[in-house]
Amino acid sequence: MSKSYTQIALVLAAYPLGEADLRLRIFSGGRGLQTVVAKSAKKPKSSLRGLCQPPSLVNIELAASRGGMDILKQGELLEGYLQIKADFDKTAAAAYLSELILAAQNDNEPSEGVLELAQAVLALLEYANRPSFAVRVFEARYLALLGLLPELGGCVGCGAKQEEKTVYLSVSEGGLLCAACRAQNPDQQGFNLSLGSVKTLLRLLVLPFDKLTTVGLSAAADNELGEVLGEYLQYHLGCRLKSRRFLQLSAKTL
Ligand SMILES: [Zn+2]
């Protein structure tokens, strides 16, 4: 008999497999990403059906399979994120969050903090009406979890404090860059950013989640940070994020 185990996981994606099965991509803190099979889950009467619609937070029992995909046996839905599923902008935001987890996490490799962050941001998406704000929070804190956060304290080249109204963030150099260091390094890629947006970004990183609702995000800061953080993630993860396009299409003024 195969060994079984239970875990809390986030269902990130579901794909048809054969006539009646689904292949799921799930993420848990203890096992990282996994591909598992939900047998007969496409059938209308399947008890697994309700667990297989991304995004969903589930507590599931799986049968370990040697060399193959583990099998979803049963489970309970902890959070079905119905408000997210009912709203185009929120769905686009959740798809982007899922893609970022799929792009930067590894199969069967534990990863601390990612599930907790995803849960907190999905709750923000579900219960607050600021999808774009929730995405900025996820981008900022995910970069921090991945150890990829840009240097924001001063110039990454010489350490000089950057206090002009508009600063320059170099994506390839990994932080703020002063005019002199930028002139010495004309080939790097980056963006102009208002100092106000940098300060907002710092607040998104340090405030506890229950205090985040007090942070204002102007449309201008949202646009600037969205462009910089999205490009920054793509550059450092070495991939194009497909769902980012839908996010940009759905972007609206807060
Ligand atoms: Zn410098």
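The values are calculated or read from the model by the stated rules, or taken from the named source; none is laboratory data. In this text, all values refer to a predicted model and were calculated from it rather than measured experimentally. Cβ atoms come from the backbone with ideal geometry, glycine included; neighbour counts cover every protein chain shown.
Looking at (1) more than 27 Å from Gly238 (Cα to Cα); (2) within 16 Å of the ligand (Cβ to nearest atom), which one does Asp210 not meet, given that it meets all the others?
(2)
Out of the residues in the stretch 39-70 meeting the condition of being hydrophobic (A, V, I, L, M, F, W, C) and within 12 Å of Val11 (Cα to Cα), tell me which one is nearest to the chain's Cα centre (by Cα). Quick ask: steps written out before the conclusion?
In the first step, residues of the stretch 39-70 are kept if they are hydrophobic (A, V, I, L, M, F, W, C); the result is 41, 48, 51-52, 57-58, 60, 62-64, 69.
With within 12 Å of Val11 (Cα to Cα) added as a condition, the list becomes 51-52, 57-58, 60.
Values: Leu51: 20, Cys52: 19, Leu57: 15, Val58: 18, Ile60: 22 Å.
Per the stated criteria, the residue is Leu57.
Check Tyr15 against each of (1) under 30 Å from Gln248 (Cα atoms); (2) crowded, with 20+ Cβ neighbours inside 10 Å and name the one condition it does not meet.
Condition (2) is where Tyr15 drops out.
So that you can scan it fast, the table gives a plain yes or no per residue for (1) of a type in the set (Asp, Glu); (2) in contact with a strand residue (DSSP E or B) (Cβ under 8 Å, 6 or more places away or on another chain); (3) assigned to a loop (DSSP other than H, G, I, E, B):
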| residue | (1), (2), (3) |
| --- | --- |
| Thr6 | no, yes, no |
| Arg25 | no, yes, no |
| Val37 | no, yes, no |
| Ala41 | no, yes, yes |
| Asp89 | yes, no, no |
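When only residues in the stretch 186-207 that are within 16 Å of the ligand (Cβ to nearest atom) and at pLDDT 90 or above count, which is nearest to Tyr127 (Cα to Cα)?
Among them, the one singled out is Val198.
Test Tyr142 against the stated conditions and say whether it is outside the structural domain of Leu12 (by TED's automatic domain parsing) and exposed (fewer than 15 other Cβ atoms within 10 Å of the Cβ). Show your work before the answer.
On the way: outside the structural domain of Leu12 (by TED's automatic domain parsing): yes; exposed (fewer than 15 other Cβ atoms within 10 Å of the Cβ): no.
Taking the combined requirement at face value, the residue does not satisfy it.
Please verify whether Glu126 is of a type outside the set (A, V, I, L, M, F, W, C), in contact (Cβ under 8 Å) with a residue 60 or more places away in the chain and either under 25 Å from Leu233 (Cβ atoms) or not assigned by TED's automatic domain parsing to the domain that holds Val11 (or both), treating the condition exactly as stated.
Values: of a type outside the set (A, V, I, L, M, F, W, C): yes; in contact (Cβ under 8 Å) with a residue 60 or more places away in the chain: no; either under 25 Å from Leu233 (Cβ atoms) or not assigned by TED's automatic domain parsing to the domain that holds Val11 (or both): yes.
So Glu126 fails the test.
Is it the case that Leu217 is of a type outside the set (Val, Ile, Thr), outside any helix (DSSP H, G or I), more than 16 Å from the ligand (Cβ to nearest atom) and out of contact with any Asp or Glu (no Cβ under 6 Å at 6 or more places or on another chain)?
Details: of a type outside the set (Val, Ile, Thr): yes; outside any helix (DSSP H, G or I): yes; more than 16 Å from the ligand (Cβ to nearest atom): yes; out of contact with any Asp or Glu (no Cβ under 6 Å at 6 or more places or on another chain): yes.
In short, yes.
Looking only at the stretch 160-173, which residues are surrounded by 18 or more Cβ atoms within 10 Å (Cβ to Cβ) and away from the ligand (no atom under 13 Å from the Cβ)?
Just the residues of the stretch 160-173 that are surrounded by 18 or more Cβ atoms within 10 Å (Cβ to Cβ), to begin with: 162, 167-171, 173.
Selection gives Val171 alone.
Any residue in the stretch 156-176 that is assigned by TED's automatic domain parsing to the domain that holds Asn192 and closer than 18 Å to Leu225 by Cα sitting within a Cβ distance under 7 Å of a residue that is within 10 Å of the ligand (Cβ to nearest atom) and among the β-branched types (Val, Ile, Thr)? List the pairs, counting only those 6 or more apart or interchain.
Ser170/Val156; Glu173/Val156; Gly174/Val156; Gly175/Val156; Leu176/Val156
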